[in-house]
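Here is the structure we will look at, set down as structure tokens.
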Amino acid sequence: MLAKVCSAAVNGIEAYPVEVEVNAGWGDTIVVIVGLPDTAVKESRDRVSTAITNSGFKFPLGRTTINLAPADVKKEGPSFDLPIAVGMLAASEQFESDQLENFVMVGELALTGAVRSVKGVLPVALRAKAEGRLGVLVPSENAPEAAVVSDLQVIPVQNLREAIGFLEGEVKIPRTRVDVAALFDEVREDDLDFSEVKGQESVKRALEIAAAGGHNVLLIGPPGTGKSMLAKRLPAILPPLTLGEALETTKIHSIVGLMEPRQALVTRRPFRAPHHTVSDAGLLGGNANPTPGEISIAHHGVLFLDELPEFKRNVLETLRQPLEEGRVTISRAAGSMTFPSQFMLVAAMNPTPDGKMPHESRSSPREIQNYLGRISGPLLDRIDLHVEVPQVQFQQITSSQVGETSAQIRERVVAARRRQQERFGARSRITCNARMGSRELKVHGRLDEQTLELLKNAMNDFHLSARAYDRILKVARTIADLAASENIVSDHVSEAVQFRSLDRQLWA
């Protein structure tokens with residue numbers, strides 16, 4: 001007998017439908033899986049056969065052929081265990097159901113018949129809805145994640161026998177429901193707060209500007225000045241994730257297996273801080289079948305690169321395209337894959353090889369220039385704010401005065417982002433000032449004659465590039481938004497020019 005079960009697999013960050021065809025015939029007892037299965041899928045024969053027996057069913061005798069269609073796409077992972085087992089039991093006529101066409105199934109089977117959690121359930125649920133299916137059968141740990149998709153029945157199953165009982169109509173399993181609005185209301189406040197940072201008011205101001213416009217930041221200062229401490233607190237002042245951003249971020253985290261058990265949605269902006277020994281494949285994504293890397297996991301969040309000059313130069317150079325386009329394309333022999341990577345880059349570095357300020361360093365000017373030269377000019381051009389982080393004074397360390405909280409700063413950031421959204425329009429692909437192209441910059445970055453003359457002198461005096469000119473205008477536009485100013489004035493441009501310290505060669 002032939003049975004067909006609906007399933008799905010993930011390719012990139014999207015899922016595609018997979019039809020599991022099972023045919024039970026005569027001959028020697030053997031299970032054959034075709035349709036480009038990888039090792040994990042091939043091993044499902046042993047898991048499924050043992051799970052069927054331990055669940056109280058009879059293992060089908062004779063030749064069982066399992067086809068995973070489409071047959072020209074490689075299938076990976078253990079998520080086909082559940083649909084294969086259901087298909088084998090249906091093909092051997094151990095149960096009857098008219099629901100196989102209505103539900104998409106994914107799940108790994110333990111030898112006891114229990115259904116274990118798998119990766120990529122949210123993309124699978126979205127694909128099931130797009131295909132017009134009634135619902136999905138998923139492991140109970142993954143059910144809240146799938147239930148984020150509206151108008152889709154999410155049936156949590158704990159074991160194979162329960163899944164068969166539901167399909168037969170003998171077991172009633174309540175569908176999992178999730179209140180998405182409540183998930184955002186439950187977002188807890190960050191444990192790290194800007195009020196805990198002593199001094200560094202100028203750096204806090206720079207990070208506020210960066211958060212308000214989505215700008216990339218480079219923190220330059222000696223060890224112990226609080227660069228990492230400040231960077232780790234940046235997510236606390238970023239605007240909350242929208243539902244669309246949360247869904248995109250959750251899809252990526254689900255695919256790479258970063259979701260907590262029974263976690264429904266990623267509601268906080270991610271913060272990723274890879275070590276400087278990370279490879280280009282670890283940062284961008286890769287392997288034989290490309291998977292998201294750190295820059296995609298940080299999508300809609302913050303990517304923090306501490307000790308920036310210690311990263312391999314070829315690894316840093318791979319950041320240029322994602323920083324410019326907000327996505328990364330990985331090409332392999334099997335094909336190319338594009339992952340979203342709209343993140344804020346926050347980097348930190350020492351001003352000299354020994355960590356001291358240039359006037360205190362024992363390094364020669366050539367050694368300092370070689371150290372700074374590990375970061376290419378084109379990459380520096382893509383970093384909007386170069387912020388100098390000075391040593392904290394003793395009076396500031398011992399002061400009992402409490403600075404602004406993250407919540408207070410976030411209010412101003414959210415107000416500035418709201419002005420940008422109103423300016424660009426709800427349907428625009430541009431979400432913040434840092435994402436403006438040359439066309440938008442001509443419209444929203446207009447300067448009066450006095451301000452234009454000021455910027456012209458700065459460009460000539462500091463030998464700034466054309467890309468640096470665009471960055472200054474974008475930062476000035478953000479400073480104007482924080483000041484609730486419709487126009488960019490000279491004060492805004494002057495402050496923006498101050499954040500191009502490496503262009504001004506202060507360390508030469």
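The values are calculated or read from the model by the stated rules, or taken from the named source; none is laboratory data. Quick caveat: nothing in here was measured; it's all calculated off a predicted structure. Counting neighbours? That spans all protein chains shown, and the Cβs are built from the backbone with ideal geometry, glycine included. Heavy atoms of the whole protein, side chains included, go into the accessibility calculation; ligands, DNA and RNA do not. Shrake-Rupley method; radii C 1.70, N 1.55, O 1.52, S 1.80 Å.
Which condition does V48 not pass, out of (1) of a type in the set (A, V, I, L, M, F, W, C); (2) open to solvent by less than 50 Å² (accessible area, probe 1.4 Å); (3) not in a helix (DSSP H, G or I), if it passes all the others?
The one condition V48 does not meet is (3).
Can we say G224 is out of contact with any strand residue (DSSP E or B) (no Cβ under 8 Å at 6 or more places or on another chain), closer than 21 Å to F304 by Cα and outside any helix (DSSP H, G or I)? Don't jump to the end; show me each part of the working.
Working: out of contact with any strand residue (DSSP E or B) (no Cβ under 8 Å at 6 or more places or on another chain): yes; closer than 21 Å to F304 by Cα: yes; outside any helix (DSSP H, G or I): yes.
Spelling it out, G224 is indeed out of contact with any strand residue (DSSP E or B) (no Cβ under 8 Å at 6 or more places or on another chain), closer than 21 Å to F304 by Cα and outside any helix (DSSP H, G or I).
On the given criteria, is N370 in a helix (DSSP H, G or I) and out of contact with any helix residue (DSSP H, G or I) (no Cβ under 9 Å at 6 or more places or on another chain)?
Values: in a helix (DSSP H, G or I): yes; out of contact with any helix residue (DSSP H, G or I) (no Cβ under 9 Å at 6 or more places or on another chain): yes.
Yes, satisfied.
Would a scan of the range 390-399 turn up a residue that is touching a helix residue (DSSP H, G or I) at 6+ places or on another chain (Cβ under 9 Å) and buried (at least 18 other Cβ atoms within 10 Å of the Cβ)?
Residues of the range 390-399 touching a helix residue (DSSP H, G or I) at 6+ places or on another chain (Cβ under 9 Å): 390.
Now restrict to residues that are buried (at least 18 other Cβ atoms within 10 Å of the Cβ): none.
No, the range 390-399 contains no residue that is touching a helix residue (DSSP H, G or I) at 6+ places or on another chain (Cβ under 9 Å) and buried (at least 18 other Cβ atoms within 10 Å of the Cβ).
Working carefully through the options S438, S501, S465, find the one that is open to solvent by 30 Å² or more (accessible area, probe 1.4 Å), at pLDDT below 90 and over 30 Å from L241 (Cα atoms). Steps first, please.
Values: S438 fails: over 30 Å from L241 (Cα atoms); S501 fails: open to solvent by 30 Å² or more (accessible area, probe 1.4 Å).
When all the criteria are applied, what remains is S465.
Within the range 286-311, take every residue that is modelled with pLDDT of 90 or more and touching an Asp or Glu at 6+ places or on another chain (Cβ under 8 Å) and give me the one that is nearest to R233 (Cα to Cα).
Step one: list which residues in the range 286-311 are modelled with pLDDT of 90 or more, which gives 292-311.
Keeping just the survivors that are touching an Asp or Glu at 6+ places or on another chain (Cβ under 8 Å) gives 299-300, 303.
Details: H299: 17, H300: 16, L303: 12 Å.
So the residue we want is L303.
K356 fails exactly one of the following numbered conditions: (1) closer than 15 Å to I295 by Cα; (2) open to solvent by 40 Å² or more (accessible area, probe 1.4 Å); (3) touching a residue at least 12 places away in the same chain (Cβ under 8 Å); (4) of a type outside the set (D, E). What is the number of that condition?
Unmet for K356, out of (1) closer than 15 Å to I295 by Cα; (2) open to solvent by 40 Å² or more (accessible area, probe 1.4 Å); (3) touching a residue at least 12 places away in the same chain (Cβ under 8 Å); (4) of a type outside the set (D, E): (1).
Under the condition of being of a type outside the set (G, A, S) and either surrounded by fewer than 18 Cβ atoms within 10 Å (Cβ to Cβ) or part of a loop (DSSP other than H, G, I, E, B) (or both), which residue from the range 400-418 is nearest to the chain's Cα centre (by Cα)? Before you say what the answer is, go through the steps one by one.
Quick first cut of the range 400-418, residues of a type outside the set (G, A, S) only: 401-402, 404-405, 408-414, 417-418.
Subsequent filtering for residues that are either surrounded by fewer than 18 Cβ atoms within 10 Å (Cβ to Cβ) or part of a loop (DSSP other than H, G, I, E, B) (or both) retains 401-402, 404-405, 408, 411, 414, 418.
On the way: Q401: 37, V402: 33, E404: 29, T405: 26, Q408: 26, E411: 24, V414: 21, R418: 23 Å.
My answer is V414.
If I ask for residues that are in contact (Cβ under 8 Å) with a residue 12 or more places away in the chain, outside any strand (DSSP E or B) and open to solvent by 70 Å² or more (accessible area, probe 1.4 Å), which ones from the range 1-42 would you list? Please lay out each step first, then the result.
At the first step, the residues of the range 1-42 found to be in contact (Cβ under 8 Å) with a residue 12 or more places away in the chain are 1-38, 40-41.
Narrowing the set further to residues that are outside any strand (DSSP E or B) leaves 1, 12-13, 25-29, 35-36, 38, 40-41.
Hits for the range 1-42 are M1, W26, D28, T29, L36.
Just to verify a result, which residue in the range 273-307, among those that are without any contact (Cβ under 8 Å) to a residue 60 or more places away in the chain and assigned to a strand (DSSP E or B), is surrounded by the fewest Cβ atoms within 10 Å (Cβ to Cβ)?
Per the criteria, the residue is G286.
Suppose we filter the range 441-453 for residues that are part of a helix (DSSP H, G or I) and crowded, with 17+ Cβ neighbours inside 10 Å; how many remain?
Taking the range 441-453 and keeping what is part of a helix (DSSP H, G or I), we get 441-444, 449-453.
Checking the rest, the ones that are also crowded, with 17+ Cβ neighbours inside 10 Å come to 444, 451.
Counting residues in the range 441-453 that are part of a helix (DSSP H, G or I) and crowded, with 17+ Cβ neighbours inside 10 Å gives 2.
Going residue by residue through the range 237-250, is there one that turns out to be within 25 Å of L316 (Cβ to Cβ), hydrophobic (A, V, I, L, M, F, W, C), open to solvent by less than 30 Å² (accessible area, probe 1.4 Å) and assigned to a helix (DSSP H, G or I)? Please lay out each step first, then the result.
Quick first cut of the range 237-250, residues within 25 Å of L316 (Cβ to Cβ) only: 238, 249.
Then keep just the ones that are hydrophobic (A, V, I, L, M, F, W, C); that gives 238.
So of that shortlist, the ones also open to solvent by less than 30 Å² (accessible area, probe 1.4 Å) come out as 238.
Next, from what is left, pick out any that are assigned to a helix (DSSP H, G or I): none.
No, there is no match, as no residue in the range 237-250 is within 25 Å of L316 (Cβ to Cβ), hydrophobic (A, V, I, L, M, F, W, C), open to solvent by less than 30 Å² (accessible area, probe 1.4 Å) and assigned to a helix (DSSP H, G or I).
Tally time: how many residues in the range 308-345 are open to solvent by less than 10 Å² (accessible area, probe 1.4 Å), of a type in the set (V, I, T) and under 15 Å from the mean Cα position of the chain (by Cα)?
So the answer is 1.
Answer with yes or no whether A69 is out of contact with any Gly (no Cβ under 7 Å at 6 or more places or on another chain) and of a type outside the set (V, I, T). Spell out the reasoning first.
On the way: out of contact with any Gly (no Cβ under 7 Å at 6 or more places or on another chain): no; of a type outside the set (V, I, T): yes.
The answer is no for A69.
Answer with yes or no whether D72 is surrounded by fewer than 16 Cβ atoms within 10 Å (Cβ to Cβ), without any contact (Cβ under 8 Å) to a residue 60 or more places away in the chain, over 28 Å from the mean Cα position of the chain (by Cα) and not in a loop (DSSP other than H, G, I, E, B). Step through it out loud before you land on a result.
Numbers: surrounded by fewer than 16 Cβ atoms within 10 Å (Cβ to Cβ): yes; without any contact (Cβ under 8 Å) to a residue 60 or more places away in the chain: yes; over 28 Å from the mean Cα position of the chain (by Cα): yes; not in a loop (DSSP other than H, G, I, E, B): no.
In short, no.
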